[in-house]
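The values are calculated or read from the model by the stated rules, or taken from the named source; none is laboratory data. The shown structure was predicted, so the numbers you read here are calculated from the model rather than taken from an experiment. Here the Cβ is made from the backbone with ideal geometry for all residues, glycine too, and neighbour counts use every protein chain on show. Accessible surface is based on the protein model in full, side chains and every heavy atom, while ligands, DNA and RNA are left aside. Shrake-Rupley method; radii C 1.70, N 1.55, O 1.52, S 1.80 Å.
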Amino acid sequence: MGANSSSISELPENEYLQKLSGSEPISENDPFWNQLLSFSFTTPTNSADLKLLEEATISVCKSLVEKNPRTGNLGSLIKVFLSRTKELKISAECQNHLFIWQAHNALFIICCLLKVFISRMSEEELQLHFTYEEKAGPSSYGAECEDLIEELLYCLIQLIVEIPLLDITYSISLEAVTTLIVFLSCQLFHKEIVRESIIHRYLMHGRCLPYTSRLVKTLLYNFIRQERSPPPGTHVFQQQTDGGGLLYGIASGVATGLWTVFTLGGVGSKASAQLEQCSPLASQSLLLLLVLANLTDTPDTPNPYRQAIISFKNTQDNTAFSSSNPHAFQINFNSLYTALCDQQKSDQATLLLYMLLHQNSNVRTYVLARTDIENLVLPILEILYHVEERNSHHVYMALIILLILTEDDGFNRSIHEVILKNITWYAERVLTEISLGSLLILVVIRTIQYNMTRTRDKYLHTNCLAALANMSAQFRSLHQYAAQRIISLFSLLSKKHNKVLEQATQSLRGSLGSNDSPLPDYAQDLNVIEEVIRMMLEIINSCLTNSLHHNPNLVYALLYKRDLFEQFRTHPSFQDIMQNIDLVISFFSSRLEQAGAELSVERVLEIIKQGAVALPKDRLRKFPELKFKYVEEEQPEEFFIPYVWSLVYNSAVALYWNPRDIQLFTMDSG
């Protein structure tokens, strides 16, 4: 192996990697590091590239795992990186590529090694690999016993928050974010939620703690700005054709040897089409933010990253910060809102929106006050509309976001005032003009119907119906198609109710002749479907009692399908709620009969509008207002931590883990 590596398969025999993973300790002052770190290649940009690299270098990593406790070479590499980073800020300001280039390469190797170490050993064993001290001779890094893990974490956070984001620093900023994710990835290799962790303790206490709000703010701004990767060659030193220059002199034997395999072998030679259209740094920063926000609280300290996320304010908010939260900060809410509207196609952006609406009252108040709320609601409705293409967690998050929004009466009123033109993604019917409120009703009802025929998830039903119930008193000028779909859903429920009743009756008859056969339990099915029917009747009743005169199309649909409601008039579970609906049907049926036969649709609607004014409101029985509030279940981390890590596993930029090693979730849960 030498200066002519041509395939990735030769990496295990490379002399530099063999020396790094060998039996001899290498001091951080050794010229070897300049040779090792002076490579130039396009960093792998997807998990497939990293898989090839990991498979090729696994023997090197295994050797290092075995010998590092005696050589301390991992620690030496980290100390070399730490020394390089001291000059990074000045290097960025002076456009000095050398330090940035070598620091990035050092961090890339550290990250690759850490990922293997963390997947193969406990945190206690990992800590031993960081605590080696050379016995002979003082270390240039300081003879005192440094805690190298904390030092590296602290350095990575400083790098993310303090180094300006330029073309030449983009790659090292991305690598720093990636390395922090890798540090926290021990959770992937545990079935249970990790509540006690050395890495968590370093990040939530000590030297890293004062940087909490700055790190959260920087990660949010990385997400907001969506900076694309710079073109290849702008962030690494390119070899000059004449062979001149200091850097080429250092690198000549290595850059054309050890690392050409990354381009010749096709690894990392071309970013995927998806990456070319998005921002790797924005995507990775959002994933790290979600991981940090979902670290579990320690007995003596609530998670400071979550504290920062739930308390940050708008840059235009001049009120004083609460002294109880030292991690609060300010950010531009307009920019954040725009980014959230634009990025909802990804699970992680929807999860961030959920967290902010649920936990940060400043963000929730701001969002609900926006006059362009459709920019946020439409992408959420599109997620629900394409329910069969989305994973169930993404659908849940979108639905809960709607539920949180519908808790606000102002939102429920305003959505009926927003008129939309030509909703191209809604395929069942051409919608040339419809209110945002009517479209929301259509999509939620479609989700309920999909769930009834496919997944039969009671949790999904409950949240859909809760959102409709919250809106029902504020229904205004319902589109005729939305009104039809409300009654059609009730018709579908009625048919299912009759079918279950019939099955129960037949089963009961069949079992009379045999005392041995147990009765199938239809009671539970019947109970669930009657709960849903009750809820739908309450939603219809809420609209009729609060805004009947605003919704002639719903009255029309009700009268058109009046026979549906006959069977529920005397049913003990529905008698009370049916009184108002029965009264409305009787009142308007009578007026239509008086008007004569063969009435046009327009004439029927006109009679309904006139009747709505004449109907004596005091005859309608008052029921408590329908109001549902979203509350997280106890121990929400049992849901959110596996979900967040499944997103990291499936969508992190240039990170690969062997699926056989993953313990936290099954491979189909992402």
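A few points about this structure:
- Tally, over segment 560-589, of residues that are open to solvent by 10 Å² or more (accessible area, probe 1.4 Å), farther than 16 Å from His497 by Cβ and among the aliphatic types (A, V, I, L, M): 2
- Matching residues in segment 436-489 - criterion: being crowded, with 23+ Cβ neighbours inside 10 Å, more than 26 Å from Glu566 (Cα to Cα) and among the small types (Gly, Ala, Ser): Gly437, Ser438, Ala467
- Of the candidates Thr350, Thr319, Thr315, the single residue that is modelled with pLDDT of 95 or more and among the hydroxyl-bearing types (Ser, Thr, Tyr) is Thr350.
- Ile581 being touching a Phe, Trp or Tyr at 6+ places or on another chain (Cβ under 7 Å), on the phi < 0 side of the Ramachandran plot and assigned to a helix (DSSP H, G or I): yes
- Of the helices (runs of 4 or more DSSP H) lying entirely inside segment 378-483, those containing at least 2 residues that are aliphatic (A, V, I, L, M) and either farther than 28 Å from Ile529 by Cα or touching a residue at least 24 places away in the same chain (Cβ under 8 Å) (or both) span 392-406, 436-453, 458-472.
- Filtered residue count, segment 613-653, keeping only those that are over 30 Å from Phe588 (Cβ atoms), open to solvent by less than 20 Å² (accessible area, probe 1.4 Å) and part of a loop (DSSP other than H, G, I, E, B): 2
- In the set Cys145, Cys112, only one residue is at pLDDT 85 or above, open to solvent by 10 Å² or more (accessible area, probe 1.4 Å) and either more than 28 Å from the chain's Cα centre (by Cα) or of a type outside the set (Gly, Ala, Ser) (or both); that residue is Cys112.
- Of all residues in segment 646-669, exactly one satisfies the criterion of being modelled with pLDDT under 90, touching an Asp or Glu at 6+ places or on another chain (Cβ under 9 Å) and among the small types (Gly, Ala, Ser), namely Ala654.
- Hey, Thr169 polar (S, T, N, Q), closer than 23 Å to Thr131 by Cβ and open to solvent by less than 20 Å² (accessible area, probe 1.4 Å) or not: no
- Only one of the numbered conditions (1) open to solvent by 20 Å² or more (accessible area, probe 1.4 Å); (2) under 19 Å from the mean Cα position of the chain (by Cα) is violated by Ala339, and that is (1).
- Test result for Asn412, in contact with a Ser or Thr (Cβ under 7 Å, 6 or more places away or on another chain) and at pLDDT 95 or above: yes
- Subset of segment 310-327 [loosely packed, with under 15 Cβ neighbours inside 10 Å and charged (D, E, K, R)]: Asp317
- Just one residue in the set Gln307, Gln344, Gln330 is under 24 Å from Phe639 (Cα atoms) and either open to solvent by less than 10 Å² (accessible area, probe 1.4 Å) or touching a Phe, Trp or Tyr at 6+ places or on another chain (Cβ under 9 Å) (or both); that residue is Gln344.
- Here the condition is being of a type outside the set (A, V, I, L, M), in contact with a helix residue (DSSP H, G or I) (Cβ under 8 Å, 6 or more places away or on another chain) and within 12 Å of Leu537 (Cβ to Cβ); of Phe568, Phe588, it holds for Phe568 alone.
- Contact map, segment 83-97: first residue part of a helix (DSSP H, G or I), second residue among the aromatic types (Phe, Trp, Tyr) and crowded, with 17+ Cβ neighbours inside 10 Å, Cβ cut-off under 8 Å, separation 6 or more or different chains; pairs are Ser83/Tyr141; Arg84/Phe99; Leu88/Phe99; Ser91/Phe99; His97/Phe237.
- Residue count for segment 190-212 satisfying the condition of being of a type outside the set (Ser, Thr, Tyr), open to solvent by 10 Å² or more (accessible area, probe 1.4 Å) and either farther than 24 Å from Gln663 by Cα or at pLDDT 95 or above (or both): 5.
- Scanning segment 28-35 finds one or more residues that are on the phi < 0 side of the Ramachandran plot and modelled with pLDDT under 85.
- Subset of segment 568-585 (residues that are free of Cβ contacts under 8 Å to residues at least 12 places away in the same chain and β-branched (Val, Ile, Thr)): Thr570
- Close pairs from segment 283-312: first part of a loop (DSSP other than H, G, I, E, B), partner of a type in the set (Gly, Ala, Ser), Cβ under 8 Å, at least 6 apart: Asn303/Ala293; Phe312/Ser213; Phe312/Ala328
- Across segment 610-618, not a single residue is classified as closer than 20 Å to Phe574 by Cα and in contact (Cβ under 8 Å) with a residue 60 or more places away in the chain.
- Residue selected from segment 37-49 under the condition in a helix (DSSP H, G or I) and surrounded by fewer than 23 Cβ atoms within 10 Å (Cβ to Cβ), by the criterion modelled with the lowest pLDDT: Ser47
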